[in-house]
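Heads up, the thing below is written out as structure tokens.
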Amino acid sequence: MRKLLLASVAALAFSASAHAANVVVTTQVGAANSSTTVQSGFANTAILNQAALFGNSASVTQSGVFNFSSANQSTIFGNNMAGILQLGGLNTSIVTQH
């Protein structure tokens, strides 16, 4: 019985840490926007929307598998800068800049 209990606790700890599934949604509207997102684990999502008069800057770092990131940037007079770093496998990233 003791071995079964220890195995159950170990399995629960492993499954709790392996399934992070964090979701971050950032929306910024202003003169100049900056955002940084860092996620690790399994099936994380980062969605970033920026609209600025003078420019946008975004950084997304994700480690693990099955992560998704989307960066949408638009500016009138400035530049858009987006850096996406995904470490692991089966990750997807979409960047749109206007």
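The values are calculated or read from the model by the stated rules, or taken from the named source; none is laboratory data. Because the structure is predicted, anything quoted here is derived from the model rather than measured. Note that each Cβ is placed from the backbone with ideal geometry, even for glycine, and that neighbours are counted across all protein chains shown.
Scan region 75-95 and report the pairs whose first residue is touching a residue at least 24 places away in the same chain (Cβ under 8 Å) and hydrophobic (A, V, I, L, M, F, W, C) and whose second residue is surrounded by fewer than 16 Cβ atoms within 10 Å (Cβ to Cβ) and assigned to a strand (DSSP E or B), with Cβ atoms within less than 8 Å and a gap of 6+ or a chain change.
ALA82/GLN97; LEU87/SER63
Looking for something modelled with pLDDT under 50, in a loop (DSSP other than H, G, I, E, B), among the hydrophobic types (A, V, I, L, M, F, W, C) and over 14 Å from the mean Cα position of the chain (by Cα) - is there at least one such residue anywhere in region 27-34? Spell out the reasoning first.
Narrowing region 27-34 to residues modelled with pLDDT under 50: none.
So far as region 27-34 goes, no, none of its residues is modelled with pLDDT under 50, in a loop (DSSP other than H, G, I, E, B), among the hydrophobic types (A, V, I, L, M, F, W, C) and over 14 Å from the mean Cα position of the chain (by Cα).
Would you mention how many residues in region 61-92 are under 16 Å from SER35 (Cα atoms), surrounded by 15 or more Cβ atoms within 10 Å (Cβ to Cβ) and under 12 Å from the mean Cα position of the chain (by Cα)?
Residues flagged as under 16 Å from SER35 (Cα atoms), surrounded by 15 or more Cβ atoms within 10 Å (Cβ to Cβ) and under 12 Å from the mean Cα position of the chain (by Cα) within region 61-92 amount to 6.
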